[in-house]
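Trainee: Here it is, the structure in full.
Nothing in this text is a laboratory measurement; each read-out follows from the coordinates by a stated rule. Here the structure is a predicted model, which means the values were calculated and not measured. A quick note on method: Cβ atoms are made from the backbone with ideal geometry, for glycine too, and the neighbour counts reach across all protein chains shown.
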Number of protein chains: 2
Amino acid sequence: MFNEPEITKLETIGEFGLIKQLTQHIELKNNTLKGVGDDAAVINPTNGKVTLVSTDMLLEGIHFDLSYFPLKHLGYKVVSVNASDIYAMNGTPKQITVSLGISSKFSVEAIQEIYEGINLACEKYKIDIIGGDTTSSKQGLVISVTVIGEAAENEVVYRNGAMEYDLVCVTGDLGGAYAGFQLLEREKRVFINNPDLQPDLAGHDYILERQLKPEARKDIIEMFKALEIVPTSMIDVSDGLASEIFHLADQSKMGVTIYEEKIPIDATTYNMARELDLDPTLTALSGGEDYELLFTIKQSDYKKLENHPDFTVIGHVTKPDEGVNMISKGGQKHELKAQGWKAF
Amino acid sequence: MFNEPEITKLETIGEFGLIKQLTQHIELKNNTLKGVGDDAAVINPTNGKVTLVSTDMLLEGIHFDLSYFPLKHLGYKVVSVNASDIYAMNGTPKQITVSLGISSKFSVEAIQEIYEGINLACEKYKIDIIGGDTTSSKQGLVISVTVIGEAAENEVVYRNGAMEYDLVCVTGDLGGAYAGFQLLEREKRVFINNPDLQPDLAGHDYILERQLKPEARKDIIEMFKALEIVPTSMIDVSDGLASEIFHLADQSKMGVTIYEEKIPIDATTYNMARELDLDPTLTALSGGEDYELLFTIKQSDYKKLENHPDFTVIGHVTKPDEGVNMISKGGQKHELKAQGWKAF
């Protein structure tokens, strides 16, 4: 005897009922004086710190496919993606607002699952949920999050501070999220063609987690403090390494040269890329969604992180007229193209 | 000889090109250290003030109908709606982020029109645009705005401060936005049935403007300062007077009695409601989108605003066990129902 999963239609509890259910257990951990429940949230800024604000919107069918993206993971991911932007300023995320557009196909329990993921990520990154907007949608699921963080003014790291001879570094490894995405898409096609076949995802935990449950690099920001490093410029890898390097070069008015052989790519990413007939380097350059940090440091800071397993030096900053280049494994110089994420 | 209006397809300029076009002329007026162009915006909080945050999401087909809602007005409205939430805390809006989900049917010029409206409202309310997210949408237009404001901590007005005997006041007049909406819907039906008929909107400027170009009550907050009034509780009228009164009563743990004859309804609203077979009082109670301010003041403050044309005293705060009631024009007591806006 099995029980059917509980299904509560949204219309039975209404907008205010839903908001109450979703927000009743929120505990405020930060400098939030008033969270959900008034016209606006009220925050007491920490003396001497600046406020950081970033926002991201995820749309069903563009940023996620609910046929394989678990709702709880989606909630987790949207917080990670936003927190990552604050870490990329060398700051600490403190509050988020969460707006949901929900089509009538969703049950109350489905929305609660999204919120479970959101809550889990907020616990991990120590973020207060302070408000939002919940509305019906005729058009599938819409999630819009704004994150508010803080930093000491002299520790904020912008995209425009890279100087000639600085080292270009990246955390973790790249391309995994894109390899995971391509694997999920392949298995979806297999399933559509033959619904009796089970998806073959075994042994691919790492790249699946990179796609479905990305982590923002809170640990790196803490490490910077411990190692007494303030990067000269920084950005998170959301659109792909090539695009992010272009942003740093463009805003710093500098050139950048990176080395293909230095780009950190996990073996499982490499193998899956090969299996899918993708160039592993291109996967790292243009895949995106890795949420690692790309940053530049002064050469004099190199000693502080040279043997650290989380960091890889992949190149250096050059004069602006040298442009943005990659030296291939064969030693040739290739001009890099800004790819970014083609939104349209 | 007429020139065709200029149409640029979004794909010709791409995501980064679009963001550049939309944001290149932004001038920062407030305490914003860095606006658009990095992973996060950077704000320098004013010493001793608290930060206010609110967010609203508007979805095509739910909150607006592009068959009669001009894009420029839509941009203006989304800023007004958000600014209104900050004024409802007795605060001043300072910054907004704007996220757009855009389907491929929109041209660059169409998006620029939305931004023209956004810019116009930002000038009016003296708000900096500090960031956002621009993405394609398979689901029609999505606009998500987060507004950040500030206030002195001891001047923030919450929903929960109403005390027994306080006077319940409202600014401006109510029901106009809903009457305008119903008129637009009627003319749309006429047009669909007979596309040769021109919509009959002449003489209805006031209620159309209430619906299509609502103003947030910046002037009222300034007047409170000038009159040295700090309301005991406040909320903006977005869902309808009845729903907002319930919020104040519920959060203040009080009862409220209002008088039907006191509810301010403009003559044009009244006449249109009659023409459309709507009860004018119900239009004010449940229509919503007026973005007026509903607030309570101590009786001792009454003298300060009694002859002011912008304010109407519509009732008073009672003991909680008396509930939320309206005394009708005929003198009967009706228990009010929280109607709000049925989102699902």
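Trainee: Using a Cα-Cα cut-off of under 16 Å, which aspartates and glutamates could be cross-linked to residue B:138, ignoring same-chain neighbours fewer than 8 residues away?
Mentor: Filter leaves A:60, A:65, B:11, B:15, B:60.
Trainee: Which of these, B:101, B:323, B:17, has the largest mean-square fluctuation under a Gaussian network model of chain B (Cα springs below 10 Å)?
Mentor: B:17
Trainee: Sticking with this one: Relative contact order for the stretch B:10-155: what is it in percent, counting Cα pairs under 8 Å that are at least 6 residues apart?
Mentor: Details: 267 pairs, mean separation 55.2, N = 146.
Rounded, it is 38 percent for the stretch B:10-155.
Trainee: How many partner chain Cβ atoms sit within 10 Å of a residue's Cβ in peptide B:128-137, on average, as a whole number?
Mentor: Details: counts 0, 0, 3, 5, 5, 9, 3, 9, 7, 9.
Mean shielding by partner chains, rounded to a whole number: 5.
Trainee: Continuing with the same structure: Could you give the distance between the Cα centres of the stretch B:314-329 and the stretch A:60-92, to the whole Å?
Mentor: 46 Å
Trainee: Below 8 Å, C-alpha to C-alpha, sequence gap of six or more: please give me the relative contact order for the stretch A:1-91 in percent.
Mentor: Numbers: 34 pairs, mean separation 15.7, N = 91.
It rounds to 17 percent for the stretch A:1-91.
Trainee: May I ask which of A:77/B:213; A:253/A:304; A:9/A:218; A:34/B:319; B:253/B:333 have a Cα-Cα span longer than 29 Å here? Could the numbers behind the result be given before it?
Mentor: Working: A:77/B:213 36 Å; A:253/A:304 26 Å; A:9/A:218 37 Å; A:34/B:319 25 Å; B:253/B:333 20 Å.
Going by Cα-Cα distance, A:77/B:213; A:9/A:218 fall outside the 29 Å limit.
Trainee: FRET efficiency for residue A:202 and residue B:12, Cβ-Cβ distance as r, R0 = 45 Å, nearest 0.05? Intermediate values should be presented prior to the final figure.
Mentor: Details: r = 44 Å, r/R0 = 0.98.
Using R0 = 45 Å, I get an efficiency of 0.55.
Trainee: How many nm separate the modelled label positions at residue A:164 and residue A:335, each set 7 Å beyond the Cα in the direction of the Cβ?
Mentor: Placing both labels 7 Å along Cα→Cβ, they lie 2.1 nm apart.
Trainee: Going through the stretch B:1-76, which chymotrypsin sites (Phe, Trp or Tyr not before Pro) have at most 12 other Cβ atoms within 10 Å and a DSSP loop state? If you can, show how the numbers build up before the last one.
Mentor: On the way: sites: B:2, B:16, B:64, B:68, B:76; in loops: B:2, B:68.
Counting only loop positions with at most 12 other Cβ atoms within 10 Å, the chymotrypsin sites (Phe, Trp or Tyr not before Pro) in the stretch B:1-76 are B:2.
Trainee: Find, among the GluC sites (Glu not before Pro) in the stretch B:173-262, those assigned to loop by DSSP (not H, G, I, E, B) with at most 16 other beta-carbon atoms within 10 angstrom.
Mentor: Details: sites: B:185, B:187, B:209, B:215, B:222, B:228, B:244, B:260, B:261; in loops: B:215, B:228.
Those that pass, being in a loop and sparsely packed, are B:228.
Trainee: Please order A:234, A:163 by the number of other Cβ within 10 Å, starting at the fewest.
Mentor: A:163, A:234
Trainee: Compute the label-point distances linking residue B:282 to its equivalents in the other copies; points lie 7 Å from Cα along Cα→Cβ; give nm, one decimal, shortest first.
Mentor: 6.3
Trainee: Summarise the partner chain shielding of A:139-149 as one whole number: the mean count of Cβ atoms from other chains within 10 Å of each residue's Cβ. If you can, show how the numbers build up before the last one.
Mentor: Working: counts 12, 3, 1, 8, 2, 12, 5, 14, 2, 7, 2.
Per residue, the number of nearby Cβ atoms from other chains is 6 on average.
Trainee: Counting alpha carbon pairs within less than 8 Å and at least 6 residues apart, what relative contact order, in whole percent, applies to chain A? Don't skip to the end; give the middle numbers.
Mentor: On the way: 714 pairs, mean separation 71.5, N = 344.
In percent, rounded to a whole number, it is 21.
Trainee: Now for a different question. List every residue whose amide H lies under 5 Å from the amide H of residue A:325, counting only residues 5 or more places away in sequence or on a different chain, with H placed 1.01 Å from N in the peptide plane.
Mentor: HN-HN under 5 Å from residue A:325: A:256, A:257, A:258, A:336.
Trainee: With runs of 4+ DSSP H residues as the only contributors, calculate the mean residue ellipticity of the protein assembly as shown at 222 nm using -39,500 (n - 2.57) per run, divided by the residue total and rounded to the nearest 500. Working shown, then result.
Mentor: On the way: 20 runs with 234 residues, N = 688.
Calculated mean residue ellipticity at 222 nm is -10500 deg cm²/dmol.
Trainee: Between copies, how far does the label point of residue A:17 sit from its twins, in nm, shortest first, when each point is 7 Å from Cα along Cα→Cβ?
Mentor: Ordered by distance, the counterparts are at 4.9 nm.
Trainee: Translational D (Stokes-Einstein, µm²/s) of the stretch A:167-335 at 37 °C and 0.692 mPa s when Rh comes from the Kirkwood sum over C-alpha pairs?
Mentor: In µm²/s, the coefficient rounds to 195.
Trainee: Please return the longest stretch of chain B lacking exposed loop sites, where trypsin sites (Lys or Arg not before Pro) count only if DSSP places them in a loop and at most 16 other Cβ atoms lie within 10 Å. Walk me through the numbers on the way to the answer.
Mentor: Details: sites that count: B:29, B:105, B:126, B:138, B:253, B:298, B:329, B:337, B:342.
Here the longest segment lacking exposed loop sites spans B:139-252.
Trainee: Follow-up. Of the GluC sites (Glu not before Pro) in the stretch A:4-99, which ones lie in a loop per DSSP and count no more than 15 other C-beta atoms within 10 Å? Can you show the working numbers first?
Mentor: Numbers: sites: A:6, A:11, A:15, A:27, A:60; in loops: A:6, A:27.
Answer by residue number: A:6, A:27.
Trainee: Next question. Counting only DSSP beta bridges with both residues in the protein assembly as shown, what percent are antiparallel, rounded to the nearest 5? Kindly include the intermediate steps, with their values, before the conclusion.
Mentor: Values: 92 of 118 bridges.
Rounded to the nearest five, the antiparallel share is 80 percent.
Trainee: Next question, about the same structure. With respect to the symmetry axis carrying chain B onto chain A, which residue of chain B exhibits the smallest Cβ distance to that axis, and what is the value in whole Å?
Mentor: Minimum Cβ distance to the axis, with residue: B:139, 1.
Trainee: Oh, and also: Cα to Cα, under 21 Å, and not fewer than 8 places away if on the same chain: which lysines meet these conditions relative to residue B:329?
Mentor: Partners within reach: B:262, B:337.
Trainee: Shifting gears a bit: Measuring nothing but label to label, 7 Å from Cα along Cα→Cβ, what are residue B:271's distances to the other copies in nm, shortest first?
Mentor: 7.9
Trainee: Arrange B:259, A:302, B:125 by Cβ neighbour counts within 10 Å, fewest through most, would you? Present the calculation step by step, with values, prior to reporting the outcome.
Mentor: Details: B:259 17, A:302 14, B:125 23.
Ascending Cβ contact count within 10 Å gives the list A:302, B:259, B:125.
Trainee: So what is log10(I(q)/I(0)) for the stretch B:1-151 at q = 0.11, 0.12, 0.13, 0.14 1/Å, when the Debye sum runs over its Cα atoms only?
Mentor: -0.42, -0.50, -0.58, -0.67
Trainee: With a Förster radius of 60 Å, plug the Cβ-Cβ distance of residue A:47 and residue B:186 into 1/(1 + (r/R0)^6) and report the FRET value to the nearest 0.05. Walk me through the numbers before you get to the answer.
Mentor: On the way: r = 56 Å, r/R0 = 0.93.
Result of the calculation: an efficiency of 0.60.
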